[in-house]
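The structure appears below as structure tokens.
The values are calculated or read from the model by the stated rules, or taken from the named source; none is laboratory data. In this text the structure is predicted, and so the values were computed from the model without any measurement. The accessibility values were calculated without ligands, DNA or RNA, using every heavy atom of the protein model including side chains. Shrake-Rupley method; radii C 1.70, N 1.55, O 1.52, S 1.80 Å.
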Amino acid sequence: MDLHPADAYVDELLTRAPNVQRPEAEDFIRRVFDGGAEHGSHRALANTAAVVSEKDAQIRRLAQRLESLGEDPLAIAQIISDGVR
């Protein structure tokens, strides 16, 4: 059976809290670990979304700047869509 990454901390918890039973310690450590992993994955997704959103904003600003310089809006749209692919 594969060990859970948090299993290494169970013995340490049992040493520091001798009144806690092993099953309770395992459950507690796994819940803390899994909660942290879930939070970390949510944070990573939020960071990725922020980067994508910023990239989209930069592309919109570039398109607006090109249009203000007199470039054809259809040509800008073509350039932008070709760059996204």
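For region 2-14, in order, what is each residue's ³J(HN,Hα) by Karplus, 6.51 cos²θ - 1.76 cosθ + 1.60 with θ = phi - 60°, in whole Hz (x at glycine and Pro)?
Rounded to whole hertz, the list is 6, 7, 6, x, 7, 4, 5, 8, 5, 4, 5, 4, 5.
Ratio of Rg to Rh for the chain, alpha carbon only, Kirkwood?
Values: Rg = 25.5 Å, Rh = 17.3 Å.
My calculation of the ratio gives 1.47.
Report the full-extension gain for the segment Gln58 to Arg16: residue separation times 0.36 nm, less the Cα-Cα distance, to one decimal in nm. Walk me through the numbers before you get to the answer.
Details: separation 42, 0.36 × 42 = 15.12 nm, distance 5.23 nm.
Length difference between fully extended and current span is 9.9 nm.
Residues of region 1-84: accessible area per residue at 1.4 Å, in Å²?
In whole numbers, region 1-84 has 82 Å² accessible per residue.
Of the heavy-atom accessible surface of the chain (probe 1.4 angstrom), what whole percent is carbon and sulfur?
Numbers: 4040 of 7060 Å².
Looking at the chain in its full context, I get 57 percent from C and S.
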